[in-house]
Amino acid sequence: MSKVCQVTGKRAMSGNNRSHSLRATRRKWNVNLQTVRVVIDGKPQKVRMSARALKTLKASAKA
């Protein structure tokens, strides 16, 4: 299963770990994916979405 948000398309970001001596080693920041049941076209479906997208979706549902 790929680590991509099915709603926003967010992916893992890459960069460097930096030690005290400023030596660089590669690292990844993964997306905080959550499996959620969402109603799409009247049918409940399981969707892997980022926590940020879920928070935004819940906020727009309240308003």
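The values are calculated or read from the model by the stated rules, or taken from the named source; none is laboratory data. This one's a predicted model, so the numbers in the text were calculated from it and none came from an experiment. Virtual Cβ from ideal backbone geometry, glycine too; neighbours counted across all protein chains shown.
Looking at residue 61, is it modelled with pLDDT under 95 and over 9 Å from the mean Cα position of the chain (by Cα)?
yes
Would you say residue 38 is surrounded by 11 or more Cβ atoms within 10 Å (Cβ to Cβ) and either in contact with a Ser or Thr (Cβ under 8 Å, 6 or more places away or on another chain) or among the aromatic types (Phe, Trp, Tyr) (or both)?
Here the answer is no, as residue 38 does not meet what is asked.
Does residue 48 qualify as being in contact with a strand residue (DSSP E or B) (Cβ under 6 Å, 6 or more places away or on another chain), in a strand (DSSP E or B) and in contact (Cβ under 8 Å) with a residue 40 or more places away in the chain?
The answer is yes for residue 48.
What is the one condition in (1) basic (Lys, Arg); (2) exposed (fewer than 11 other Cβ atoms within 10 Å of the Cβ); (3) within 12 Å of the chain's Cα centre (by Cα) that residue 46 does not satisfy?
Looking at each condition in turn, residue 46 falls short on (3).
For the stretch 53-63, enumerate the residues that are without any contact (Cβ under 8 Å) to a residue 24 or more places away in the chain and either in contact with a Gly (Cβ under 9 Å, 6 or more places away or on another chain) or not in a loop (DSSP other than H, G, I, E, B) (or both).
54, 55, 56, 58, 59, 60, 61, 62
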